[in-house]
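Enquirer: Below is the structure I would like to discuss, written out as structure tokens.
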Amino acid sequence: MQTIVNQIEEKIKRHKRGKIFFIKNFAALGAPEAVKKSLQRLVNSGLLVRLANGIYWYPPREKALYGVKISGNPTLDEIAKAIAKRDKARIVPTGIHALNLLNISTQVPANVVYLTDGAARRVNVGNGKSILFKHTSEVNRLAYKSEFLMLIVSALREIGEGEVTDRQKEIIKSHFSHVTKQEFEADLKLIPIWIHKLFLSL
């Protein structure tokens, strides 16, 4: 019979590189402690990268002149989206992180914050970085058809009414190519009045 390590390795290799895995993805293969030890062996062998407690990454690789090197790391946003998908929760970036994702700000926060309709939690992702999920009862902030429009609205909330500069307006306008007319019309009732008026002025 195959060992748990071999079963986990086979399951991982059936996926494309770059995928994020959680311990629960392998729950059917053995007892939790045995699965955890097996994953650690695969981290030690270089097949996986441990991103945080219970979160692992099957990294893409680039051919180097000598040997093989790991290419990059998943972004905090990619990790947050993977966690939300696992938990069947909706999320939206907030604060400086939302501005950075839209290139409105060049500041890259080490600690990012998301509103969610799932459980509140903090996930530490090494080197002093963390992802904070803040539960919100304002379900309308997470009910958008267009995730991109939801991000734009979240960023504008961070800037504040009456504080949006002409440069920021131009950047916001450039992002509307990612939002379809159907999505905008479906989400119109969720957009704060002052932001809707700003959109009409663009």
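The values are calculated or read from the model by the stated rules, or taken from the named source; none is laboratory data. As the structure is a prediction and not an experimental result, all values here were calculated from the model. Here Cβ is always computed from backbone atoms with ideal geometry, including for glycine, and neighbour counts include all displayed protein chains.
Residue-by-condition table, conditions (1) in the same structural domain as GLY54 (by TED's automatic domain parsing); (2) over 12 Å from the mean Cα position of the chain (by Cα); (3) not acidic (Asp, Glu):
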{"site": "VAL92", "(1), (2), (3)": "no, no, yes"}
{"site": "HIS97", "(1), (2), (3)": "no, no, yes"}
{"site": "ASN100", "(1), (2), (3)": "no, yes, yes"}
{"site": "ASN103", "(1), (2), (3)": "no, yes, yes"}
{"site": "GLN107", "(1), (2), (3)": "no, yes, yes"}
{"site": "VAL113", "(1), (2), (3)": "no, no, yes"}
{"site": "ASP117", "(1), (2), (3)": "no, yes, no"}
{"site": "VAL125", "(1), (2), (3)": "no, yes, yes"}
{"site": "LYS129", "(1), (2), (3)": "no, yes, yes"}
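Enquirer: If I filter segment 167-177 for residues that are acidic (Asp, Glu) and under 24 Å from ASN73 (Cβ atoms), do I get at least one hit? Working first, answer last.
Expert: Step one: filter segment 167-177 for residues acidic (Asp, Glu), giving 170.
Cutting the leftovers down to under 24 Å from ASN73 (Cβ atoms) gives us none.
No: segment 167-177 contains no residue that is acidic (Asp, Glu) and under 24 Å from ASN73 (Cβ atoms).
Enquirer: While we're looking at this one, here's another question. If I filter segment 107-117 for residues that are in a helix (DSSP H, G or I), touching a strand residue (DSSP E or B) at 6+ places or on another chain (Cβ under 9 Å) and closer than 15 Å to GLU147 by Cα, do I get at least one hit? Working first, answer last.
Expert: Step one: list which residues in segment 107-117 are in a helix (DSSP H, G or I), which gives none.
No, the conditions are met nowhere in segment 107-117.
Enquirer: Out of the residues in segment 161-184 that are charged (D, E, K, R) and outside any loop (DSSP other than H, G, I, E, B), state the one that is surrounded by the most Cβ atoms within 10 Å (Cβ to Cβ). First the steps, then the outcome.
Expert: Restricting attention to segment 161-184, the residues satisfying the condition of being charged (D, E, K, R) are 161, 163, 166-167, 169-170, 173, 181, 183.
Adding the requirement that they be outside any loop (DSSP other than H, G, I, E, B) leaves 166-167, 169-170, 173, 181, 183.
On the way: ASP166: 6, ARG167: 9, LYS169: 15, GLU170: 10, LYS173: 12, LYS181: 7, GLU183: 17.
Top of the filtered list is GLU183.
Enquirer: Another question, then. For segment 185-199, name all the residues that are farther than 16 Å from GLY160 by Cβ, surrounded by fewer than 17 Cβ atoms within 10 Å (Cβ to Cβ) and touching a residue at least 24 places away in the same chain (Cβ under 8 Å).
Expert: ALA186
Enquirer: Ok, one more. Considering only segment 1-59, how many residues are part of a loop (DSSP other than H, G, I, E, B), surrounded by fewer than 16 Cβ atoms within 10 Å (Cβ to Cβ) and without any contact (Cβ under 8 Å) to a residue 60 or more places away in the chain? Working first, answer last.
Expert: So the first thing to find is which residues in segment 1-59 are part of a loop (DSSP other than H, G, I, E, B), and the list is 1-3, 14-19, 30-31, 46-48, 53-54, 58-59.
Narrowing the set further to residues that are surrounded by fewer than 16 Cβ atoms within 10 Å (Cβ to Cβ) leaves 1-3, 14-18, 31, 46, 53-54.
Checking the rest, the ones that are also without any contact (Cβ under 8 Å) to a residue 60 or more places away in the chain come to 1-3, 14-18, 31, 46, 54.
Residues in segment 1-59 being part of a loop (DSSP other than H, G, I, E, B), surrounded by fewer than 16 Cβ atoms within 10 Å (Cβ to Cβ) and without any contact (Cβ under 8 Å) to a residue 60 or more places away in the chain: 11 in total.
Enquirer: Suppose the filter is assigned to a helix (DSSP H, G or I) and either surrounded by fewer than 18 Cβ atoms within 10 Å (Cβ to Cβ) or in contact with an Asp or Glu (Cβ under 9 Å, 6 or more places away or on another chain) (or both); does SER137 pass it?
Expert: On the way: assigned to a helix (DSSP H, G or I): no; either surrounded by fewer than 18 Cβ atoms within 10 Å (Cβ to Cβ) or in contact with an Asp or Glu (Cβ under 9 Å, 6 or more places away or on another chain) (or both): yes.
For SER137, the condition - assigned to a helix (DSSP H, G or I) and either surrounded by fewer than 18 Cβ atoms within 10 Å (Cβ to Cβ) or in contact with an Asp or Glu (Cβ under 9 Å, 6 or more places away or on another chain) (or both) - is not met.
Enquirer: When you check GLU158 against the structure, is it crowded, with 16+ Cβ neighbours inside 10 Å and among the charged types (D, E, K, R), yes or no? Quick ask: steps written out before the conclusion?
Expert: Numbers: crowded, with 16+ Cβ neighbours inside 10 Å: yes; among the charged types (D, E, K, R): yes.
Judged against the criteria, GLU158 is a match.
Enquirer: Separate question: Tell me, please, whether a residue that is free of Cβ contacts under 8 Å to residues at least 60 places away in the same chain, touching a strand residue (DSSP E or B) at 6+ places or on another chain (Cβ under 9 Å) and under 17 Å from ALA84 (Cβ atoms) can be found in segment 154-175.
Expert: no
Enquirer: Let me ask you something else. What is the residue count in segment 79-109 for residues that are at negative phi, loosely packed, with under 13 Cβ neighbours inside 10 Å and modelled with pLDDT of 95 or more?
Expert: Of all residues in segment 79-109, those at negative phi come to 79-87, 89-94, 96-102, 104-109.
Now narrow it down to the ones that are loosely packed, with under 13 Cβ neighbours inside 10 Å: 85, 106-108.
If we keep only those that are modelled with pLDDT of 95 or more too, we end up with 85.
Within segment 79-109, residues that are at negative phi, loosely packed, with under 13 Cβ neighbours inside 10 Å and modelled with pLDDT of 95 or more number 1.
Enquirer: Consider only pairs whose beta carbons are under 7 Å apart and that are at least six residues apart or on different chains; among these, list those whose first residue lies in segment 97-117 and is closer than 22 Å to GLU138 by Cβ and whose second residue is of a type in the set (A, V, I, L, M) and in a loop (DSSP other than H, G, I, E, B).
Expert: Final answer for the pair search is THR116/ALA89; ASP117/ALA89.
Enquirer: I need the full set of residues from segment 110-123 which are at pLDDT 95 or above, surrounded by 13 or more Cβ atoms within 10 Å (Cβ to Cβ) and not hydroxyl-bearing (Ser, Thr, Tyr), in order please.
Expert: Answer for segment 110-123, where residues must be at pLDDT 95 or above, surrounded by 13 or more Cβ atoms within 10 Å (Cβ to Cβ) and not hydroxyl-bearing (Ser, Thr, Tyr): VAL112, VAL113, LEU115, ASP117, GLY118, ARG121, VAL123.
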